[in-house]
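Only one structure is covered here, and it is reproduced in the block below.
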Amino acid sequence: MREPFVSQPSKLLFLPGASGNTHFWRPVAGLLRPQATHVHFGWPGFGTAPRDPTVNGIGDLAERVVAEIDQPTAIIAQSMGGVIALLAAYQRPELVTHLVLTVTSGGLDISDLGAHDWRPEFIEANPGLPQWFSELKLDLTPIVSSIAAPSLLLWGDADPISPVAVGERLAALLPHARLHVFAGGEHDLGHALAHDVAPLIDEHISTNHSRRSPDA
């Protein structure tokens, strides 16, 4: 059964990676056509955001994002933020119009895909991170196939943290996904290649997609 799909989200949610850098997406955001409200999210306890005692896991971060989805919303997410974007899209399918996921490095079992485990080095360099982050083990495979939002997956072929094979696996699981690979792109491609990334995002969130329910 075909379902109508909102072609123009009225809000864009930009989610950072594990660094919590709320400036990561600003170069891209500045190049997008002014069609929606922009919200740049941060993570309590990550980067410069103060810790919040009520945030004790990635589910709590997802709840913060879900609470922000109060109108047709496209979620644009980097790395770890992509895990939270998938959780939010699963919980609010009626309002998440589009997903853009760049080099998402978690949420799937990628142990057989040659991905470099970045967390030990990252945690050593950021000793103030919440304790739960170092123990995070999450597999969203059971829910990914039910996420019907049109998804643009952006990967680089020079990223050891999230190799192209990870993007290919995610594209195979999501019902409505398109994978674009940047030659020479690394884990920061969403920021470093803003002028190349922005037109793809603009086209994706401006297109009147239709979707087939995964349950049909």
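Taking Lys and Arg as +1 and Asp and Glu as -1, the other residues whose beta-carbon sits under 9 Å from that of residue 108 total -1. Each stretch of four or more DSSP H residues adds -39500 (n - 2.57); spread over every residue of the chain, this sum gives -8500 deg cm²/dmol at 222 nm.
Counting only DSSP beta bridges whose two residues both lie in the chain, roughly 5 percent are antiparallel.
Percent of C-alpha pairs per 10 Å bin in region 33-74, short distances first: 24, 48, 24, 4. Dipole size of the chain about its Cα centre, with +1 on Lys/Arg Cβ and -1 on Asp/Glu Cβ: approximately 600 debye, rounded to the nearest 20. Each label was represented as a point 7 Å from its Cα along the Cα-to-Cβ direction; for residue 35 and residue 54 these points are 3.4 nm apart. Taking every alpha-carbon pair within region 3-88, the share separated by more than 18 Å comes to 42 percent. Over all directions, the projected convex hull of the C-alpha atoms in region 2-212 averages 10.6 nm² in area. Mean silhouette area of region 139-179, derived from the convex hull of its C-alpha atoms and averaged over all directions, reads 2.9 nm².
The slack between residue 123 and residue 206, meaning 0.36 nm per residue of separation minus the straight C-alpha distance, is 26.1 nm.
Values in this text are rule-based calculations from the coordinates and carry no lab data. A quick note: this is a predicted structure, and the numbers were derived from the prediction, not measured. Backbone-built Cβ (ideal geometry, glycine too); neighbour counts: all protein chains shown.
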